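Here's the structure, in structure tokens; my notes come after.
Quick note: the coordinates plus some simple rules give every number you see, no bench work behind them. The structure presented is a predicted model; accordingly, all values stated were derived computationally and were not measured. In this analysis, Cβ positions are derived from the backbone assuming ideal geometry, glycine residues included, and neighbour counts consider all displayed protein chains.
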């Protein structure tokens, strides 16, 4: 058994980037937030309770007016400039329970911060008590059982560094700075999902603190309803303080990339759609439109070099107008580096690249040249064959998890970015009612019901059982079932 621990006991510049951008719009905390309430009304009568909570905390505690408050409330997506009632960097599970007890007693919503990389900025919320898990950074790897256990604040880079040292890996996202829990609990789109399933498909156990302050162990035969719900249902059901993941041997990916530029993007998308309609499980594939360089298509094949070479010849023939850039790669703990930014996003899960969808995305690419980006990532194989109701994660069947995104650095560019994302996101809706919840902005209840589809009624029942007051609503919120 190997143990790795990152030193994150203090809030430092590594955790919170000092920036000067100011303006951003706050969003509602959900249908059960107290609309129209004066900002500090949540704290009315609870000043003594906050003081008591601060005294009892083992970790650091910040409230409005505390030194460092404004820096600490920043999250990766600077589009969200929210002001929590207080922020608690919990040192242990008792701190988490104290925070949840305070929130329950005073009807204060809870915002859970893991990695802080949520596109929707859900790690912080107006008038909420932020439960910061940045000190929950232990990673344990059991090589014999092929299981890794991680704290709720672990980043992808820390998890992969530990597992790769043991010659093993679990499917994760492409940015090492992203929090493992935020990725996996929402489902976890990963490049290896054809062979191994999504990140949530590889959760084999978890520890969760409920709204009642209970500490529960979740697995396939223990608290099965919650175990089902957290695999795709996000942070709606409690504070997840530990996750256990299944591990696999490391495989080399044999890759071909085709830089297509700005001409014929719609036709290139259709070619890509034909190539990924049926693929071996070993294949990973994506189509991107960069704001600066235009379109590119790429394919990777995990494992046998000869099988990879034979398969990739099909892609070379299909995109013969450009020369393929060939490479091999292994999992990289750091992965892509995503600097702190302001970004608007929208998502869609396309079941294929129809002519209509290709037309919409080609128009979006041209209209967004210089500021808008498109990503389509293949979901197939093992991830596609899991039953729709086997987990809460709703993106089953072969499809393309699609992200529209637009960044800005100047406040005057914000409206253009948000308008482009909204316009073309709406134009995609006839072709995709589902979406990856980590790829969408803060959304109304009807959108969340639509995305979860057949799984939503069960999720709402579980929510009503474990969080009837909807304390955990700084997320793509699943409303508790109303009991009649």
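List of remarks:
- Modelled this way, with points 7 Å down the Cα-to-C-beta line, the labels at residue 58 and residue 91 are 0.7 nm from one another.
- Distance in nm between pseudo-label sites at residue 48 and residue 290 (7 Å out along the Cβ direction from Cα): 6.1 nm
- Förster radius 45 Å - calculated FRET efficiency between residue 309 and residue 351, Cβ distance, rounded to 0.05: 0.90
- Region 167-238, relative contact order in percent, only Cα pairs under 8 angstrom and at least six apart counted: 29 percent
- Two-site FRET efficiency, residue 433 against residue 385, from Cβ-Cβ distance with R₀ of 22 Å, rounded to 0.05: 0.55
- The distance linking region 125-151 with region 349-379 is 35 Å (Cα centroid to Cα centroid, whole angstrom).
- Helical contribution to [θ] at 222 nm, DSSP H n ≥ 4, -39,500 (n - 2.57), averaged over the chain, rounded to 500: -8000 deg cm²/dmol
- Among 412-419, 389-396, the order from most to least packed when residues are scored by Cβ within 10 Å on average: 389-396, 412-419
- Inter-label distance, nm, simple model (7 Å from Cα along the C-beta direction), residue 274/residue 341: 3.2 nm
- For the peptides 452-463, 154-165, the ranking by packing is 154-165, 452-463, with the highest mean count of neighbouring Cβ atoms within 10 Å listed first.
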